[in-house]
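To start, the structure under review is shown below, and the notes come after it.
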Amino acid sequence: KRTSEPSGASVLPGTYKVVISFMDKKDSTTVKVLDDPRVKRNATTLKSQYDVYKQLEKEIAVATDAMDALKKSNKLMADLMKDLKDRKGDEYDSLKKTTKATQKLVKELIDELVGEQIKKQGIVRSPKANIMSFYYEPMSYLGGSLKPVGATEKRLMEQATAKLKPWLEKVNAF
């Protein structure tokens with residue numbers, strides 16, 4: 001299970017208002033964020049990287065919403081299968097068969113997005129690329145680059161989007 005905080009795009013240098021609330025109490029202050037003085041980057045480079053990262057985050061959020069809907073469907077079908085477990089008759093058998101086929105389809109859609117869950121011990125990676133792996137590549141390039149977004153990052157983004165769109169169409173058709 002993940003123990004680290006989820007991360008996103010680094011904030012751009014500037015002054016921000018931070019608001020903290022707890023129950024009915026609220027307080028705020030301003031914080032000035034500075035760029036790392038050891039790294040020579042201009043504002044245009046930071047902004048272009050930030051904008052691309054935010055676009056990737058938006059697309060990942062859409063995929064996450066679709067994944068959550070699939071998981072919810074899977075839970076409903078698991079509950080239905082529990083209810084049907086001891087039921088006998090042709091109509092129940094038909095419903096069980098349809099539900100199992102639908103569960104298989106949902107599993108295939110989930111595996112296509114995040115990869116098949118491998119239950120082996122140790123560091124194991126599926127040899128088949130999943131859709132999310134196409135999103136990790138441009139993020140990796142952005143995180144390690146001191147240059148403005150270039151052709152490589154744009155191409156990687158296009159490839160990720162090209163993988164996600166047909167998957168979303170399949171999920172929406174489901």
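Just a few scattered comments:
- Residue within segment 94-108 that is under 20 Å from residue 134 (Cβ atoms), free of Cβ contacts under 8 Å to residues at least 40 places away in the same chain and open to solvent by less than 70 Å² (accessible area, probe 1.4 Å) present: no
- Looking across segment 130-171, the residues that are under 20 Å from residue 70 (Cα atoms) and without any contact (Cβ under 8 Å) to a residue 24 or more places away in the chain come down to 130, 133, 165, 166, 169.
- Residue among 64, 44 that is part of a helix (DSSP H, G or I), more than 26 Å from the chain's Cα centre (by Cα) and polar (S, T, N, Q): 44
- Residue in segment 32-55 that is of a type in the set (Lys, Arg), more than 30 Å from residue 112 (Cα to Cα) and touching a strand residue (DSSP E or B) at 6+ places or on another chain (Cβ under 6 Å) present: yes
- Exactly one residue out of 84, 76 is surrounded by 14 or more Cβ atoms within 10 Å (Cβ to Cβ), of a type outside the set (Val, Ile, Thr) and more than 30 Å from residue 150 (Cβ to Cβ), and it is 84.
- Selection within segment 140-161 - in a helix (DSSP H, G or I) and over 16 Å from residue 63 (Cα atoms): 140, 141, 142, 143, 151, 152, 153, 154, 155, 156
- Subset of segment 16-40 (residues that are free of Cβ contacts under 8 Å to residues at least 40 places away in the same chain and open to solvent by less than 90 Å² (accessible area, probe 1.4 Å)): 16, 18, 19, 21, 28, 29, 31, 33, 35, 36
- Scanning segment 159-174 for residues that are more than 16 Å from residue 109 (Cβ to Cβ) and surrounded by 12 or more Cβ atoms within 10 Å (Cβ to Cβ) turns up 159, 160, 161.
- Test: residue 43 is without any contact (Cβ under 8 Å) to a residue 40 or more places away in the chain and within 21 Å of residue 160 (Cβ to Cβ): no
- Condition check for residue 135: open to solvent by 70 Å² or more (accessible area, probe 1.4 Å), in contact with a helix residue (DSSP H, G or I) (Cβ under 9 Å, 6 or more places away or on another chain) and closer than 26 Å to residue 56 by Cβ: no
- Hits in segment 53-66 (condition: of a type outside the set (Phe, Trp, Tyr) and either open to solvent by 40 Å² or more (accessible area, probe 1.4 Å) or modelled with pLDDT under 90 (or both)): 54, 55, 57, 58, 61, 62, 64, 65
- Residue match in segment 116-130 (condition: within 22 Å of residue 52 (Cβ to Cβ) and either assigned to a helix (DSSP H, G or I) or small (Gly, Ala, Ser) (or both)): yes
The values are calculated or read from the model by the stated rules, or taken from the named source; none is laboratory data. Everything quoted here is computed from the prediction, not taken from an experiment. For neighbour counting, all protein chains shown are included, and Cβ atoms are generated from backbone atoms with ideal geometry for every residue, glycine included. The accessibility values were calculated without ligands, DNA or RNA, using every heavy atom of the protein model including side chains. Shrake-Rupley method; radii C 1.70, N 1.55, O 1.52, S 1.80 Å.
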